[in-house]
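All remarks here apply to the structure that follows.
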Amino acid sequence: MQQPTVASLTRDTRFEGFLLVRTAEQRTSSNGGKYLDMTLCDTTGDINCKMWDGTVPPPRQGGIVKVRGTVQEYNGRLQMRIERLRLPGPEDQVDPAQLMPCAPEKPEDMLREINRTIDRMKAPELQLILREMIQMCGDKLMYYPAAQRVHHAERSGLLHHTLSVLRAAESVLPLYPFLNGDLLRAGAIAHDLSKTMEFLSDEAGNVSDYSMEGQLLGHLVHGVTQVKEAARRAHVEGEYVLLLCHMVISHHGEPEYGSPRPPMFPEAEMLHLLDDMDAKMNEMEGIMRRTPAGAFSEKIWTLDRRMYHPRYGNEDAAPARPDDGGYSGLL
C-alpha cells in the first residue's frame, strides 16, 4: 500500500489513499448546511478532515476509508478538505495494521516489565496495592491509549506511557538517592491507570468519548478512589496508601491542569516532572516526525507555540516538500 504518510503531509499536498477513522460525525455549519467532521490517521499521526457534503453519512469509528483531498491550513493547523470518500472493498486488500497507530513495544512485554518491577519492590504494601490496581484494569490495559489525542494516543499507549515514566524514574533514582525508590516506582505505575475508566476506547485504541465518570470526576479523582479500593481489597492500611493517593491526585502539578493539590513531598514532585517530560517528549517526537528538517511546525495548541525541527549540523538539508504520492485514478 504505497501512499504518503500523514506525518509527511504539508499545506497544498494532494492526498489519495486509505486512512483509519478515529472520529467522524455530521455537523451543522453556521449557514445551516451539513458537513462531515472527521479525524483520520495512519501509524504516523492523525489529521482533521472536513467534507462539505451533507449527504454523506459519517463512516464507522475504527473503520477504514479511502479519501481524496487537499491539505489546507486552518487556524495554524493542517486540515484536509475531502472531495471523495468511499469504504474499501475486498479488491483493495487493505491491512488495518498498516494504519493503526500502536505502541512501539508489544503490550505483553510492557506489562511483563511492569510486573517484574512490582515483584522486586521491598514494600509489600505497595506490591499488593499495585497488583490489585492492575487486576482492576483488566484487559483494557492491553489496548487502551493514554489520551484521546496529544500524547501516546495509540493502541497500548497507556502501557507505553506508564513504562516510559517508570524507566525514567529508574534512571533518576541513582542521581537522587534520598528518594524512596519503591514509592516513586509505585507512583509511576499507578498514576494513570484510572484512564481505563476515564474514556471509552475500542480495541484499536480509538477513543470515542469520555465516560460519565471521566467527565464528572476525571482520572485524578477517580485514581484516588482506585488506590483506596485496591488497598481495601488487599487489606492494606497505613501511610503508603495516603502517599500514593497524593501522588495520583497531584501528578499534573498545577490547579489549571486539574491537580487540586500540588506535589507535597519529593517523590510526588519527581513523578509530576517525569510525567510531564514524557508526555511532552512523546508529543514533540510526533511533531518532529511530520515537520521537515529546517522548518517550523504549525502552532501546537497544547504547547502554545510552534516547534522548530533542527538540521542538526546538516546545513545542506533544506526544508523538503514531501512527495504528494502522485496518485491518479478514481476512488
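The values are calculated or read from the model by the stated rules, or taken from the named source; none is laboratory data. Because the structure is a prediction, the values reported are computed rather than measured. A quick note on method: Cβ atoms are made from the backbone with ideal geometry, for glycine too, and the neighbour counts reach across all protein chains shown.
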task: Find the helices (runs of 4 or more DSSP H) located wholly in region 92-194 whose residues include 1 or more that are more than 23 Å from S259 (Cα to Cα), of a type in the set (A, V, I, L, M, F, W, C) and in contact (Cβ under 8 Å) with a residue 24 or more places away in the chain, and list them.
output: 107-120, 124-137, 140-143, 157-172
field: Hey, D42 out of contact with any His (no Cβ under 8 Å at 6 or more places or on another chain), of a type in the set (D, E) and surrounded by fewer than 20 Cβ atoms within 10 Å (Cβ to Cβ) or not
entry: no
query: Considering G313, G329, G325, G258, which residue is touching an Asp or Glu at 6+ places or on another chain (Cβ under 7 Å), modelled with pLDDT under 90 and either farther than 19 Å from R167 by Cβ or outside the structural domain of L166 (by TED's automatic domain parsing) (or both)?
result: G325
task: Answer yes if at least one residue in region 75-87 is in the same structural domain as V21 (by TED's automatic domain parsing), closer than 25 Å to N31 by Cβ, in contact (Cβ under 8 Å) with a residue 40 or more places away in the chain and small (G, A, S), and no otherwise.
output: yes
- prompt: Has region 49-57 got any residue that is free of Cβ contacts under 8 Å to residues at least 40 places away in the same chain, crowded, with 20+ Cβ neighbours inside 10 Å and outside any loop (DSSP other than H, G, I, E, B)?
  reply: yes
- line: Apart from one, (1) among the hydrophobic types (A, V, I, L, M, F, W, C); (2) buried (at least 20 other Cβ atoms within 10 Å of the Cβ); (3) in contact with a helix residue (DSSP H, G or I) (Cβ under 6 Å, 6 or more places away or on another chain) all hold for A7; the odd one out is (2)
statement: In the set V207, V248, the lone residue that is within 20 Å of the chain's Cα centre (by Cα), modelled with pLDDT of 95 or more and within 30 Å of D46 (Cα to Cα) is V248
query: When you go through (1) surrounded by 15 or more Cβ atoms within 10 Å (Cβ to Cβ); (2) modelled with pLDDT under 90 one by one for P90, which number turns out not to apply?
result: (1)
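For every residue, the table says whether it meets (1) over 26 Å from S171 (Cβ atoms); (2) at pLDDT 95 or above; (3) more than 21 Å from the chain's Cα centre (by Cα); (4) not hydrophobic (A, V, I, L, M, F, W, C).
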{"position": "I189", "(1), (2), (3), (4)": "no, yes, no, no"}
{"position": "F199", "(1), (2), (3), (4)": "yes, no, no, no"}
{"position": "D202", "(1), (2), (3), (4)": "yes, no, no, yes"}
{"position": "E229", "(1), (2), (3), (4)": "yes, yes, yes, yes"}
{"position": "H235", "(1), (2), (3), (4)": "yes, yes, yes, yes"}
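Out of A231, A279, A268, report the one residue that is surrounded by 19 or more Cβ atoms within 10 Å (Cβ to Cβ) and either within 22 Å of P101 (Cα to Cα) or among the acidic types (D, E) (or both).
A279
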